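First comes the structure, then the notes that go with it.
The values are calculated or read from the model by the stated rules, or taken from the named source; none is laboratory data. Since we're looking at a predicted model, the values are computed, not measured. Please note: Cβ atoms are built from the backbone with ideal geometry, for glycine as well, and neighbour counts cover all protein chains shown. In case anyone asks, the SASA skips ligands and DNA or RNA and just uses the protein heavy atoms, side chains included. Shrake-Rupley method; radii C 1.70, N 1.55, O 1.52, S 1.80 Å.
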Amino acid sequence: MIEIKDGIYWVGAVDWNIRNFHGYITHRGTTYNAYLIMDEKVALIDTVKAPFYSEMMQRIEEIVNPEDIDYLISNHTEPDHSGSITKFLKVAENAELIASEMGKRGLKSYYGEDLGCTSIKDKPSISLGSRTLQFVAVPMVHWPDSMVTYIPEEKLLIPNDAFGQHLATSERFDDEVDQAILMHEAKTYYANIVMPLWMSVSRAFKSLEGLEIDMIAPSHGVIWRSRPNMILEAYQRWVEGVSKSRAVIVYDTMWGSTEMVAKALVKGITREGVKVQLYRLNVTHNSDVIADVLEARAVLVGSPTLNNGLFPTVASFLTYMKGLRPKNKIGAVFGSYGWGGGAKRAAEAELKIAGIELVESNLDFNYRPTEEDLKRAEDFGREIAKKIISE
Ligand code: FEO
């Protein structure tokens, strides 16, 4: 356990080896953070994913007898945080479980109708003695039940999923880890989990307006002790959809033709001085590509036609991106086909559904692109770069 403020302890668990978090590739693992607050009354905020129950309990028992815990606050129903609740309550039999109204319903659905749970409608805040726990519902950050716990006397925000990172480390604080890795993981987490919920995050920011915050203790990754403003400002930018002058080209290829077009686009874009990142989907996971899409202004998608439709890896990526609905992007499609074609039309339809502003392209080539075709692709790359720069 780690004391994060006087009498407030991190008692969570480190999941070093998780590499797939509901479809999102977590290269650096994650943590499930739970926080124990020692006061006249004792409260535990969130639990951990079920297989990590013992790890959490060992930490708690170093500090307090679980029977002396008065409250268990469930900020979020998703089982990576609620998975140990029933086991915990069997040991901490005096603890009152508190959750949002939607949380109460969700927890009963997961763990049984007989689970006792108080709604924050009835207890919007509780006093622990020298500290107060204030509960603020933030629906859809990440599920309808999500809420944050704020401790005004400590200026401490415990926002569950918001401001997290899937980052397993032996360190617990933002100033103890590599800053580039930290922000990369915070960005990747936002892109893969929070991005489609930007309106809810924006509403949550309004609900939390005016709160003094000097520490943010999320439910995944490290605690923002030294630079809480860095992550708050990053979220503001991401919520607004602020883009950088860069493009992402994502493609797959069957016999190399679509790849030739992708590389001609790279040439055109870079010749105008705009940065570009190229990803082939048979070697890159959708969740890694999306992390770069978040701050790029343009997304160019290339697919060969297979059986009159999209190449499967490209179809998978477009389905993934469509769900995450990146904000303020322009996009275009390119590819190759043998006879009937069909991938370009299908990819354009998917981009439109994803809310991406389509730039009309004429880059779907029969069998092998000629030198002239590749010049056309390069010129189109320049056109995209100019659009990016002009904004
Ligand atoms: Fe970390 Fe939405 O659970």
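How much length is gained on full extension from Lys108 to Asn94, taking 0.36 nm per residue of separation minus their Cα-Cα distance? Mind showing how you got there, number by number?
On the way: separation 14, 0.36 × 14 = 5.04 nm, distance 1.86 nm.
Result for the pair: 3.2 nm of gain on full extension.
On the accessible surface of segment 2-240, probed at 1.4 Å, how many percent belong to carbon and sulfur atoms? Each step should come with its number before you reach the end.
Details: 4500 of 9280 Å².
The value for segment 2-240 is 48 percent carbon and sulfur by accessible area.
Using C-alpha positions alone, give me the convex hull volume of segment 18-125 per residue in cubic angstrom. Numbers along the way, then the final one.
Values: hull volume 11.9 nm³, N = 108.
Spread over its residues, the Cα hull of segment 18-125 gives 111 Å³ apiece.
In sequence order, what are the phi-derived ³J(HN,Hα) couplings for segment 28-34 according to the Karplus relation 6.51 cos²θ - 1.76 cosθ + 1.60 with θ = phi - 60°, rounded to whole Hz, with x for glycine and proline?
Couplings: 10, x, 7, 10, 10, 9, 10 Hz.
To the nearest 20 debye, what is the magnitude of the charge dipole of segment 183-314 about its Cα centre, counting +1 on the Cβ of each Lys and Arg and -1 on the Cβ of each Asp and Glu? Walk me through the intermediate numbers first.
Details: 14 positive and 12 negative charges, 70 e Å.
Using only the charged Cβ atoms, the result is roughly 340 debye.
Taking the alpha-carbon distance from Lys104 and a cut-off under 15 Å, which aspartates and glutamates remain once sequence neighbours fewer than 8 residues away in the same chain are dropped?
Cross-link targets: Asp46, Glu78, Glu96, Glu113, Asp114, Asp122, Asp145.
What ³J(HN,Hα) values, in whole Hz, does the Karplus curve 6.51 cos²θ - 1.76 cosθ + 1.60 give for segment 221-227 when θ = phi - 60°, with x put for Gly and Pro?
My calculation for segment 221-227 gives x, 8, 8, 7, 9, 8, 10 Hz in order.
In square nanometres and to one decimal, what's the mean projected area of the convex hull around the Cα atoms of segment 105-222? Don't skip to the answer; put the middle values down first.
Working: hull surface 35.6 nm².
Computed as one quarter of the Cα hull surface, the answer is 8.9 nm².
Rounded to whole Å, give me the distance from the Cα center of segment 173-206 to that of segment 110-149.
The two parts, judged by their Cα centres, are 22 Å apart.
In whole angstrom, note down how far apart the Cα centers of segment 54-104 and segment 336-363 are.
50
Rounded if a/c is under 1.5, else prolate if a/b beats b/c, else oblate: with a ≥ b ≥ c from the C-alpha gyration tensor eigenvalues square-rooted, which is segment 2-240? The partial results should precede the final answer.
Values: a/c = 1.34, a/b = 1.27, b/c = 1.05.
Cα axes put segment 2-240 in the rounded bin.
Is the C-alpha gyration tensor of segment 244-390 telling us rounded, prolate or oblate? Criteria: a/c under 1.5 is rounded; beyond that, a/b larger than b/c is prolate, otherwise oblate.
oblate
Go through Arg172, Arg203 and list them by solvent-accessible area, largest first, probe radius 1.4 Å.
Details: Arg172 10, Arg203 145 Å².
If we order Arg172, Arg203 from most to least accessible, we get Arg203, Arg172.
In the structure shown, do any of Lys108/Lys206; Lys155/Lys329; Lys121/Lys329; Lys123/Lys327; Lys49/Lys329 have a Cα-Cα gap over 32 Å, and if so which?
Working: Lys108/Lys206 30 Å; Lys155/Lys329 37 Å; Lys121/Lys329 40 Å; Lys123/Lys327 37 Å; Lys49/Lys329 36 Å.
Among Lys108/Lys206; Lys155/Lys329; Lys121/Lys329; Lys123/Lys327; Lys49/Lys329, the Cα-Cα distance tops 32 Å for Lys155/Lys329; Lys121/Lys329; Lys123/Lys327; Lys49/Lys329.
State in Å² the accessible area per residue of the chain; use a 1.4 Å probe, count heavy atoms of protein chains only, and round to the nearest integer. All intermediate terms of the calculation are to be shown ahead of the outcome.
Details: 15990 Å² over 391 residues.
Solvent-accessible surface per residue comes out at 41 Å².
Check cross-link reach from Lys267 to the lysines: straight Cα distance under 20 Å, and skip same-chain residues fewer than eight apart.
Lys244, Lys275, Lys375, Lys386, Lys387
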